[in-house]
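A short worksheet on the structure shown next.
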């Protein structure tokens, strides 16, 4: 069945803060900004979602370029959630990628295709089912 990623979220000590952890022992926080009643101790859920896409994009591009032995020196990704405001339907995410290194136009074009096929990108543009229950 493969590796099943598991994350737990528990309320923290400060109002709206969340303690996050995973099955591999990593720990991090989520929170809300002060203007929404939080303590601004960590990124809000929207920024956590964008960070997953950003991390996946950088890692996927680095792995692909390394496999091809392309001269990709660095990758920077900037993401924005609904930059023009909430649309009538759906959600808009802009992703701007800066590729560093002596890459030709063909390599750059291929890396753009690869970015659009990273696993988290595919999750976000695909059908997602969430099975929710109370324990």
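The values are calculated or read from the model by the stated rules, or taken from the named source; none is laboratory data. Please read these numbers as outputs of a predicted model, since none were measured by experiment. Here the Cβ is made from the backbone with ideal geometry for all residues, glycine too, and neighbour counts use every protein chain on show.
Is at least one residue of region 75-96 assigned to a helix (DSSP H, G or I) and modelled with pLDDT of 95 or more? No; the residues of region 75-96 include none that is assigned to a helix (DSSP H, G or I) and modelled with pLDDT of 95 or more. Scanning region 43-53 for residues that are touching a helix residue (DSSP H, G or I) at 6+ places or on another chain (Cβ under 9 Å) and either surrounded by fewer than 19 Cβ atoms within 10 Å (Cβ to Cβ) or not assigned by TED's automatic domain parsing to the domain that holds residue 99 (or both) yields 43, 44, 49, 52. Here region 1-15 is the region considered, the condition is being modelled with pLDDT under 95 and surrounded by 11 or more Cβ atoms within 10 Å (Cβ to Cβ), and the residue that is nearest to residue 52 (Cα to Cα) is 12. Among the residues of region 64-74, count how many are assigned to a helix (DSSP H, G or I) and in contact with a helix residue (DSSP H, G or I) (Cβ under 9 Å, 6 or more places away or on another chain). Within region 64-74, residues that are assigned to a helix (DSSP H, G or I) and in contact with a helix residue (DSSP H, G or I) (Cβ under 9 Å, 6 or more places away or on another chain) number 3. Look at (1) farther than 25 Å from residue 121 by Cα; (2) within 19 Å of the chain's Cα centre (by Cα) and you find that residue 14 fails only one, number (2). Taking first residues from region 69-92 that are without any contact (Cβ under 8 Å) to a residue 60 or more places away in the chain and partners that are part of a loop (DSSP other than H, G, I, E, B) and exposed (fewer than 10 other Cβ atoms within 10 Å of the Cβ), the Cβ contacts under 8 Å between residues at least 6 apart in sequence or on separate chains come to 71/102; 92/83; 92/84.
Kindly check whether there is at least one residue in region 54-61 that is in the same structural domain as residue 110 (by TED's automatic domain parsing), closer than 30 Å to residue 113 by Cβ, without any contact (Cβ under 8 Å) to a residue 24 or more places away in the chain and assigned to a loop (DSSP other than H, G, I, E, B). No, the conditions are met nowhere in region 54-61.
Condition (residue is touching a strand residue (DSSP E or B) at 6+ places or on another chain (Cβ under 6 Å), over 26 Å from residue 3 (Cα atoms) and either surrounded by 13 or more Cβ atoms within 10 Å (Cβ to Cβ) or not assigned by TED's automatic domain parsing to the domain that holds residue 4 (or both)) applied to region 17-40: is it met by at least one residue? No; the residues of region 17-40 include none that is touching a strand residue (DSSP E or B) at 6+ places or on another chain (Cβ under 6 Å), over 26 Å from residue 3 (Cα atoms) and either surrounded by 13 or more Cβ atoms within 10 Å (Cβ to Cβ) or not assigned by TED's automatic domain parsing to the domain that holds residue 4 (or both).
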